[in-house]
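Read-outs: derived from the displayed coordinates by stated rules, not from any lab. Keep in mind the model is a prediction, meaning the values are calculated, not measured. Please note: Cβ atoms are built from the backbone with ideal geometry, for glycine as well, and neighbour counts cover all protein chains shown.
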Amino acid sequence: AACSSYRLRDALHPLWQSELTVSGGTRQSPINIQWRDSVYDPHLKPLKIHYDPTTCLYVWNNGYSFQVEFDDSADKSVIMGGPLENHYRLKQFHFHWGAINEWGSEHMVDSKVYPAELHLVHWNPVTSTSFEEAIMENNGLVVIGVFLKLGAHHAGLQKLVDALPAVRHKDAIVEFDVFDPCCLMPSCPDYWTYDGSLTTPPLTESVTWIIKKTPIEVDQNQLEEFRMLLFTSAGEEEKRMVDNFRPLQPLMNRTVRSSFR
Ligand code: 1SD
Ligand code: ZN
């Protein structure tokens with residue numbers, strides 16, 4: 001029953017009407033990561049993250065999630081190492097979450113679903129001149145995925161949560177300065193990596209995914225603040241921004257590699 005309601009949501013959400021016309025890909029996201037089928041790769045280096053908190057610009061409600069945008073005009077907030085051949089620039093981060101704690105993440109691990117998932121979206125400044133160009137290129141993007149689980153209050157996340165009432169409606173935007181998204185990263189370095197796609201239109205198969213093994217903890221109130229946001233613009237009949245995740249996609253002919261044994 002839950003499964004068919006996800007499909008109904010997909011069919012009804014305006015963003016998703018275009019998916020019906022996307023032809024079958026071979027490396028779509030998200031996926032269910034089967035721990036025992038993932039392959040340890042000793043050549044995978046530790047992921048290096050250098051974010052400059054002053055490159056953080058604003059937070060906006062794009063009608064599907066809330067997104068924190070960064071100045072990506074220079075190599076100031078970058079990641080390197082891990083499975084990557086060069087550095088990638090941070091463009092934005094956003095979350096996906098459920099109406100209730102029982103679901104919300106896009107990826108799953110051994111069919112376990114988390115209440116929310118953070119995506120930090122980066123682009124390749126060596127092979128592209130802009131984020132928009134990188135979306136269309138093989139290896140153009142790297143998205144780091146971090147699961148959120150219910151637990152302790154997250155002090156770093158709270159600064160962002162406090163900004164959310166200002167962007168309750170679709171298209172609302174508010175300044176959001178000097179934030180280091182590193183505070184949203186689990187301390188454990190372990191990750192899985194695989195070749196996939198964006199999980200929203202245009203669903204291009206340009207993403208190297210790096211999924212952190214260890215979730216971060218957030219408390220119930222913080223998740224409830226996510227759920228207070230709206231898909232709708234001011235003046236429209238209010239629709240809560242919840243269940244903004246794409247259903248699982250087939251693994252097909254792909255291997256998920258792990259940085260750990
Ligand atoms: O869901 C996001 C979407 O909001 C947008 O940020 C897009 C990039 O333009 O990325 C997707 S996702 O594939 O990172 N989930
Ligand atoms: Zn996402």
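Annotations for the structure displayed:
- Its relative contact order, with pairs defined as Cα atoms under 8 Å and 6+ residues apart, puts the chain at 26 percent.
- Local electrostatic count at residue 132 - Lys and Arg +1, Asp and Glu -1, tallied over other residues with Cβ under 15 Å: -2
- The Cα atoms of the range 132-261 give a gyration tensor whose axes a ≥ b ≥ c have a/c of 1.5 or more with a/b no greater than b/c, which makes the shape oblate.
- Rg to Rh quotient for the chain, alpha carbon positions, Kirkwood Rh: 0.93
- Put a dot 7 Å past the Cα of residue 236, heading toward its Cβ, do the same for residue 80, and the two dots end up 4.3 nm apart.
- Paramagnetic label zone (point 7 Å from Cα along Cα-to-C-beta, residue 177; backbone N under 15 Å) in the range 59-77: 59, 71
- Residue 153/residue 129 FRET efficiency (R0 35 Å; Cβ-Cβ; nearest 0.05): 0.25
- Residue ranges 41-54, 158-171 sort as 158-171, 41-54 when ordered by packing (mean number of other C-beta atoms within 10 Å per residue, highest first).
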